[in-house]
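Data block below; observations after.
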Amino acid sequence: MFNIILFGPPGSGKGTQSERLIDKYGLIHLSTGNLLREEIVNKTALGLEAKRFMDNGQLVPDSVVIGMIRSAIRQNPQAKGFLFDGFPRTVAQSEALDELLAENKSEINVVLALQVGEEELIGRLLNRGKTSGRSDDVNEGVIRARITEYENKTAPVAGHYDLADKVVRVKGEGEVEEIFDTLCDEIEARKVL
Ligand code: B4P
């Protein structure tokens, strides 16, 4: 298996680049943001709980997202690899992920970390909010809260994988296609999929 984490702050291009990467490499795409939004649309108990956090720009509790990822991994035993998008977002989530992959005698092969400045992030998310219908993209205060959550709780995840020398930092500003090409170069330098 070849497993990738696409890492970065809200609005850094994780969802955008994931779509292209899964098409090219045939990986299973696991986006906790998308999984949570499906639960909200379906008005499940989990979705109703998650919405309270997401609408305030806060992370959803670890137990909820770890449970979702555990069942998604177990539902795909034949996968040639996973692309994790927006997960892990806390050090506890990254430790849980390492254990889940180890159960399959697998591991994270590379963490691709998109680097984008704060004002660019805010501009992108406000712009997406005009058309996406996403309640967490319309209010600048909520967007700033998401960035603060990222700095406090998610940025340390890169440190966790830095210890194993797995993090590659990639400039996430500029043309989507150029960023995609750089991500592909980094993947192919590690493994031909
Ligand atoms: P996510 O769904 O993961 O969303 P995101 O981080 O806001 O966006 P992403 O980074 O994928 O967006 P993209 O840049 O592609 O999370 C939403 C919420 O769910 C979180 O706040 C949290 O509450 C909850 N959640 C999710 N996972 C969780 C977890 N593991 N633990 C706890 N809580 C969790 O796109 C942004 C915009 O930028 C788009 O409009 C795009 O077109 C544009 N864009 C992309 N690349 C560009 C480029 N190069 N130039 C210009 N614009 C670009």
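Let me make sure I get this right: for region 137-191, a, b and c are the square roots of the gyration tensor eigenvalues over alpha carbons, sorted descending. Under 1.5 in a/c it's rounded, otherwise prolate if a/b > b/c, else oblate. Which is it?
Here region 137-191 falls in the oblate category.
Only Lys, Arg, Asp and Glu count, each charged at its Cβ (+1, +1, -1, -1), so figure out the dipole size of the chain about its Cα centre, rounded to 20 debye.
Taking the Cα centre of the chain as origin, the dipole is about 560 debye.
Would you kindly derive the ³J(HN,Hα) couplings of region 136-146 from the backbone phi angles with the Karplus curve 6.51 cos²θ - 1.76 cosθ + 1.60 (θ = phi - 60°), listing them in order in whole Hz, with x for Gly and Pro?
8, 9, 9, 10, 4, x, 5, 5, 5, 5, 5
Using Cα centres only, tell me the gap between region 98-170 and region 1-57 in whole Å.
Cα centroid of region 98-170 versus Cα centroid of region 1-57: 11 Å apart.
Residue-wise, which Karplus ³J(HN,Hα) couplings in Hz belong to region 88-96, taking 6.51 cos²θ - 1.76 cosθ + 1.60, θ = phi - 60°, and x for glycine or proline?
Once θ is set to phi - 60°, the couplings for region 88-96 become x, 10, 9, 4, 4, 5, 5, 5, 5 Hz.
Ignoring the sites themselves, what is the longest stretch of the chain with no trypsin sites (Lys or Arg not before Pro) in a DSSP loop and at most 16 other beta-carbon atoms within 10 Å?
So the longest stretch without any such site is 135-190.
³J(HN,Hα) across region 75-83 via Karplus (A = 6.51, B = -1.76, C = 1.60, θ = phi - 60°), whole Hz, x for Gly/Pro?
Using θ = phi - 60°, the values come out as 7, 10, x, 8, 4, 7, x, 10, 10 Hz.
Using all C-alpha to C-alpha distances in region 65-129, build P(r) with 5 Å bins and read off the rounded percent in each one.
Distribution as computed: 3, 13, 24, 20, 13, 10, 10, 6, 1 percent.
Could you give the dipole magnitude of region 1-79 about its Cα centre, charging the beta-carbon of Lys and Arg +1 and that of Asp and Glu -1, in debye to the nearest 20?
Value, rounded to 20: 80 debye.
Averaging sequence separations of C-alpha pairs under 8 Å and six or more residues apart, then dividing by the length of region 80-179, give the relative contact order as a whole percent.
39
What is the fewest-to-most order of Val176, Val142 by other Cβ atoms lying within 10 Å of their Cβ?
Val176, Val142
Put +1 on the Cβ of each Lys and Arg and -1 on the Cβ of each Asp and Glu in the chain; which of Ile187, Gln75, Leu112 then has its Cα farthest toward the positive end of the dipole?
About the Cα centre, the residue reaching furthest to the positive side is Gln75.
Which whole-percent values make up P(r) of region 1-69 when all C-alpha to C-alpha distances are grouped in 5 Å steps starting at zero?
All Cα pairs, binned at 5 Å, distribute as 3, 14, 24, 23, 19, 12, 5, 0 percent.
At 222 nm, what value in deg cm²/dmol follows for the chain if DSSP H runs of at least 4 each add -39500 (n - 2.57) and the sum is divided by all its residues, to the nearest 500?
Calculated at 222 nm, the ellipticity per residue is -17000 deg cm²/dmol.
Taking the number of other C-beta atoms within 10 Å as the exposure measure, put His160, His29 in order starting with the fewest.
So the ranking, lowest neighbour count to highest, is His29, His160.
Quick one: compute the contact order of the chain, relative version, from alpha carbon pairs under 8 angstrom and 6+ residues apart, as a percent.
33
Provide Tyr150, Tyr25 in ascending order of the number of other Cβ atoms located within 10 Å of each residue's Cβ, fewest first.
The order, fewest Cβ neighbours first, is Tyr25, Tyr150.
Could you tell me which of rounded, prolate or oblate describes the chain, using a ≥ b ≥ c as the square roots of the eigenvalues of the alpha-carbon gyration tensor, with rounded for a/c under 1.5 and, failing that, prolate when a/b is larger than b/c and oblate otherwise?
oblate
Throughout, read-outs are computed from the coordinates displayed, never taken from laboratory work. Every value quoted in this text rests on a predicted model; they were computed, and no experiment measured them. In this analysis, Cβ positions are derived from the backbone assuming ideal geometry, glycine residues included, and neighbour counts consider all displayed protein chains.
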